[in-house]
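The values are calculated or read from the model by the stated rules, or taken from the named source; none is laboratory data. The structure presented is a predicted model; accordingly, all values stated were derived computationally and were not measured. Note: ideal-geometry Cβ built from the backbone for every residue, glycine included; neighbour counts use all protein chains shown. The area values use the complete protein model at the heavy-atom level, side chains included, leaving out ligands, DNA and RNA. Shrake-Rupley method; radii C 1.70, N 1.55, O 1.52, S 1.80 Å.
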Amino acid sequence: MRYPPAVDPAKVGTYPARAKAGGGYVWDAVLEYRVWCYPAKGAEDLDGGGDYYYAFATFAEAKEFAEKTSGAQEPLALILQEEYIDEPADGQYVHVRAPRITEWPPEFLSRPKRTGRTIPDFFSADAPSNRLDIIRGTADGT
């Protein structure tokens with residue numbers, strides 16, 4: 001799969017290191033791709049043994065760096081969710097209308113980008129029994 005580039009390459013590397021991890025089911029923009037480096041696993045020690053990351057505007061750049069760097073993790077996508085679907089308990093979904101930044105495995109970007117209909121369709125009374133199909137892009141009419 002070809003992953004989208006960062007929405008604003010000039011801002012790559014300026015986002016806070018701390019971010020949510022996963023979740024939300026939908027995405028609005030890729031902010032950057034991150035490669036986390038772990039001295040305990042062989043990465044160069046740049047921070048007294050602490051973990052650190054490098055930020056990239058494209059997945060290809062991040063992947064290339066990760067492959068040639070000892071102690072590096074596979075790339076993660078830092079994404080913006082303007083609004084999202086929370087799942088506080090298994091099968092219990094909540095529409096959250098607040099932005100957040102989270103790290104995702106890039107494979108999650110294969111889900112369709114959120115549109116104005118994605119979340120309303122998910123919560124629709126006539127949504128398919130497996131309404132996760134809507135956000136996975138596999139429901140009829142998507």
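Quick check on A40: is it touching a residue at least 24 places away in the same chain (Cβ under 8 Å), small (G, A, S), open to solvent by 40 Å² or more (accessible area, probe 1.4 Å) and outside any loop (DSSP other than H, G, I, E, B)? Taking the combined requirement at face value, the residue satisfies it.
Could you check how many residues of segment 82-113 are under 30 Å from L46 (Cβ atoms), open to solvent by less than 40 Å² (accessible area, probe 1.4 Å) and of a type outside the set (S, T, Y)? Can you show your working first?
First, the residues of segment 82-113 that are under 30 Å from L46 (Cβ atoms): 100-109.
Subset that is open to solvent by less than 40 Å² (accessible area, probe 1.4 Å): 102-104, 106, 109.
Imposing the further condition that a residue be of a type outside the set (S, T, Y) reduces the set to 103-104, 106, 109.
Of the residues in that region, 4 qualify.
Can you confirm whether L31 is closer than 30 Å to T138 by Cβ, crowded, with 19+ Cβ neighbours inside 10 Å, aliphatic (A, V, I, L, M) and touching a residue at least 60 places away in the same chain (Cβ under 8 Å)? For L31, the condition - closer than 30 Å to T138 by Cβ, crowded, with 19+ Cβ neighbours inside 10 Å, aliphatic (A, V, I, L, M) and touching a residue at least 60 places away in the same chain (Cβ under 8 Å) - is met.
Can you tell me which residue among F108, F123 is farther than 23 Å from P16 by Cβ, touching a residue at least 24 places away in the same chain (Cβ under 8 Å) and out of contact with any helix residue (DSSP H, G or I) (no Cβ under 9 Å at 6 or more places or on another chain)?
On the way: F108 fails: farther than 23 Å from P16 by Cβ.
None of the others qualify; the one that does is F123.
Checking A10, A17, A66, A55 one by one, the residue that is among the small types (G, A, S), farther than 27 Å from R131 by Cβ and open to solvent by 80 Å² or more (accessible area, probe 1.4 Å) is A10 and no other. Within segment 1-23, residues that are within 20 Å of R111 (Cα to Cα) have Cβ atoms under 8 Å from residues that are assigned to a loop (DSSP other than H, G, I, E, B) and of a type in the set (A, V, I, L, M) in these pairs: P5/A57; A6/V12; A6/A57, counting only partners at least 6 apart in sequence or on another chain.
The residues of segment 1-17 that are part of a loop (DSSP other than H, G, I, E, B) and out of contact with any strand residue (DSSP E or B) (no Cβ under 9 Å at 6 or more places or on another chain), listed by number, are M1, R2.
A search for C-beta distances below 7 Å between a residue of segment 52-68 that is in contact (Cβ under 8 Å) with a residue 12 or more places away in the chain and any residue that is part of a strand (DSSP E or B) and among the β-branched types (V, I, T), counting only pairs 6+ apart in sequence or on different chains, returns Y53/V35; Y54/V35; A62/V35; F65/V35; A66/V35. The residues of segment 28-57 that are within 28 Å of F123 (Cβ to Cβ) and either in contact with an Asp or Glu (Cβ under 8 Å, 6 or more places away or on another chain) or modelled with pLDDT under 95 (or both), listed by number, are D28, L31.
Take segment 122-131 and flag every residue that is out of contact with any strand residue (DSSP E or B) (no Cβ under 9 Å at 6 or more places or on another chain), open to solvent by less than 60 Å² (accessible area, probe 1.4 Å) and either of a type in the set (S, T, Y) or in a helix (DSSP H, G or I) (or both). Walk me through how you get there before you give the answer.
Quick first cut of segment 122-131, residues out of contact with any strand residue (DSSP E or B) (no Cβ under 9 Å at 6 or more places or on another chain) only: 124-130.
Then keep just the ones that are open to solvent by less than 60 Å² (accessible area, probe 1.4 Å); that gives 124, 127-128.
Answer for segment 122-131, where residues must be out of contact with any strand residue (DSSP E or B) (no Cβ under 9 Å at 6 or more places or on another chain), open to solvent by less than 60 Å² (accessible area, probe 1.4 Å) and either of a type in the set (S, T, Y) or in a helix (DSSP H, G or I) (or both): just S124.
Remark: Y25 matches the filter, which requires a residue to be among the aromatic types (F, W, Y), at pLDDT below 95 and open to solvent by less than 50 Å² (accessible area, probe 1.4 Å).
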